[in-house]
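Notes to accompany the following structure.
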Amino acid sequence: MMRYGYWLGAGLLAAVLAAGPGCRGGAVSPDEALLDSVERRTVDYFWSGAEPVSGMARERYHVDEPEVEAEVVTSGGSGFGIMALIAGIEREYIPLEEGFARFERIVSFLEGADRFHGAAPHWWYGPTGRVKPFSPQDDGGDLVETAFLMQGLLTLRQYLSDGGEREMRLVERIDRLWHAVEWDWYRNGQNVLYWHWSPTHGWTMNMPVRGFNECLVMYVLAAGSPTHPVDPAVYHEGWAEGGAIVQPHEVEGQTLRLRNQGAAAGPLFWAHYSVLGLDPRGLRDRYADYGDEMRALTLANRAYCIRNPKGYDGYGEACWGLTSSYSPGGYVGHAPVGERDLGVISPTAALSSVVYAPEYALEVMRHLRADRPGLWGPYGFYDAFSPSTGWYVPRYLAIDQGPVAVMIENYRSGLLWELFMSHPDVQRGLRRLGFGSPHLKDKTRRTGR
């Protein structure tokens, strides 16, 4: 079999080809079969469940109310979705030619869609490409969601980089979208990056992005931009607040090094969104070892649910995971602290943490699949449920589905980490900010240029 995977080195290519029934036949373990079935269904959210005109990821899909915001597409969730589609092609869930045509459709949409100093809004209308305000004053560029979108596009660029003439044309179009993002504009004249800018409301949202949270990849991309880079001081003085980001503390027997913005520990999507492409294994700077930090955050979340201080029925070793998701009261940022624990478990939290604690994530996956059949829908596990009350809704969110598919693939093969980390601008950004990573050691590693 020869697919786009030929770009990989022989060792990793062999691992990808042998990783599961989606790549090559043969006997597989029950856990491998389970991983494959979850990845396959979750990828399909971004394939058959996509908005049909743009090819982009729908912000949400309600099985019980399929017309709800059916035309609304998401920038960050589509970045996750692009990465999921790459995995789907390599696993042979998606035909190669049809997958490439989908990438062309997505890029064509982005070229004609509303952008603001090169940055995407949080939401668009898929049929028109016009912005849908995320909130009354949030009707312009969203730099964080743009970073998640670019994480996907740069991964795709590297995936295509050894292709033929047709692939090279798409690579050039992706490069133009990437080069157009004015990261330096979003400094607002200060040594920090701002989340939002609106052509009608300017900087009114007033949200400088400071760590620790899900936004690390934004600073890496901003530092690595070949056209609109920011100085490393924007990272060190803005994101890291001159070192104040480091506040070692213990949560549920786990030592966390980085500040969690007023709480003992944050929601688990903080350990997912930026490191779908940034490989946390061995990723270090003066502030933290990010593999260690993400694993500790995961284990603290699990330990909190096992301790279960609020006494919810159903919490335990096979049922844990608090992150932002649906709840009986709408979308809520769940976290392992008393006031933010509403008894709602989100499958994405544990399943997307399979790269940090596979033995524990697989325990949750087995439990959900075997013991909670009502949570299994057309695109994998539904977004959230309450084990103590039986509440759930048959609904999906792109930003929760994407990390499940991408992190399962990274656990199985490392494919998406290898692709993103091979991009020369990503490597430039990491070096400029003082990061170390195994991906930076081999100067002969193929870069796609």
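Values quoted throughout were computed directly from the atomic coordinates according to the rules given, and no laboratory measurement underlies them. As the structure is a computational prediction, the values presented were derived from the model and not from experiment. Cβ coordinates were reconstructed from backbone atoms using ideal geometry, including for glycine residues, and neighbour counts include every protein chain displayed.
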Between the stretch 160-185 and the stretch 293-348, what is the C-alpha centre distance in whole Å? 39 Å
For the chain, with +1 on Lys and Arg beta carbons and -1 on Asp and Glu, the positive-most of Pro232, Gly118, Thr298 along the dipole: Pro232
Based on other C-beta atoms within 10 Å, arrange Asp425, Asp114, Asp371 from fewest to most. Asp371, Asp114, Asp425
Taking amide H atoms as placed 1.01 Å from N in the peptide plane, list the residues 5 or more away in sequence, or in a different chain, whose amide H sits under 5 Å from that of Ala119. Glu182
Bins of 5 Å, starting at 0 and running to the largest distance - Cα pair percent for the stretch 54-173: 2, 11, 21, 24, 19, 13, 6, 3, 1
Please compute the contact order of the chain in relative form: average sequence separation of alpha-carbon pairs under 8 Å and at least six residues apart, divided by the residue count, as a percent. 17 percent
Can you run phi through the Karplus equation (6.51, -1.76, 1.60; θ = phi - 60°) for the stretch 189-204 and list ³J(HN,Hα) in whole Hz, with x for Gly and Pro? x, 10, 8, 6, 9, 9, 5, 10, 9, 10, x, 9, 10, x, 9, 4
Specify the residue with the greatest mean-square fluctuation among Ala180, Ala265, Ala335, computed from a Gaussian network of the chain linking alpha-carbon atoms under 10 Å apart. Ala180
Say a paramagnetic label sat at a point 7 Å from the Cα of Thr255, along Cα to Cβ; which residues of the stretch 294-314 have their backbone N under 19 Å from it? 294-301, 303
Along the dipole axis of the chain (charges at Cβ: +1 for Lys and Arg, -1 for Asp and Glu; origin at the Cα centre), the most positive-end residue among Phe80, Gly282, Thr323 is Gly282
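Report, in debye and to the nearest 20, how large the dipole of the stretch 95-186 comes out about its Cα centre when Lys and Arg carry +1 and Asp and Glu carry -1 on their Cβ. Kindly include the intermediate steps, with their values, before the conclusion.
Numbers: 10 positive and 16 negative charges, 40 e Å.
For this selection, approximately 200 debye.
With 10 angstrom as the radius, rank Lys441, Lys310 by how many other C-beta atoms surround their C-beta, starting from the fewest. Provide the component values of the computation, followed by the final result.
On the way: Lys441 9, Lys310 12.
Exposure proxy ranking, most exposed first: Lys441, Lys310.
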Length gained if Ser48 through Val28 is fully extended, taking 0.36 nm per residue and subtracting the Cα-Cα distance, is 4.6 nm
Under 5 Å from the placed amide H of Asp138, counting only residues 5+ away or on other chains, we find none
Name the residues whose placed amide hydrogens come within less than 5 Å of the amide hydrogen of Val72, ignoring near sequence neighbours (fewer than 5 apart) on the same chain. Glu59, Gly126
Can you give me the span-like helices of the chain, meaning DSSP H runs with 18 Å or more of Cα extent along the axis and Kyte-Doolittle mean at or above -0.5? 75-90, 96-112, 143-160, 290-307, 398-412
Note down the magnitude of the dipole of the chain about its Cα centre, charges +1 on Lys and Arg C-beta and -1 on Asp and Glu C-beta and zero elsewhere, to the nearest 20 debye. 880 debye
For the chain, treating each Cα as an identical point scatterer without solvent, what Debye log10 I(q)/I(0) comes out at q = 0.06, 0.07, 0.08, 0.12 1/Å? -0.22, -0.31, -0.41, -1.00
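Sort Leu153, Leu34 by Cβ crowding within 10 Å, fewest neighbours at the top. Intermediate values should be presented prior to the final figure.
Details: Leu153 23, Leu34 17.
Listing Leu153, Leu34 from fewest to most nearby Cβ atoms yields Leu34, Leu153.
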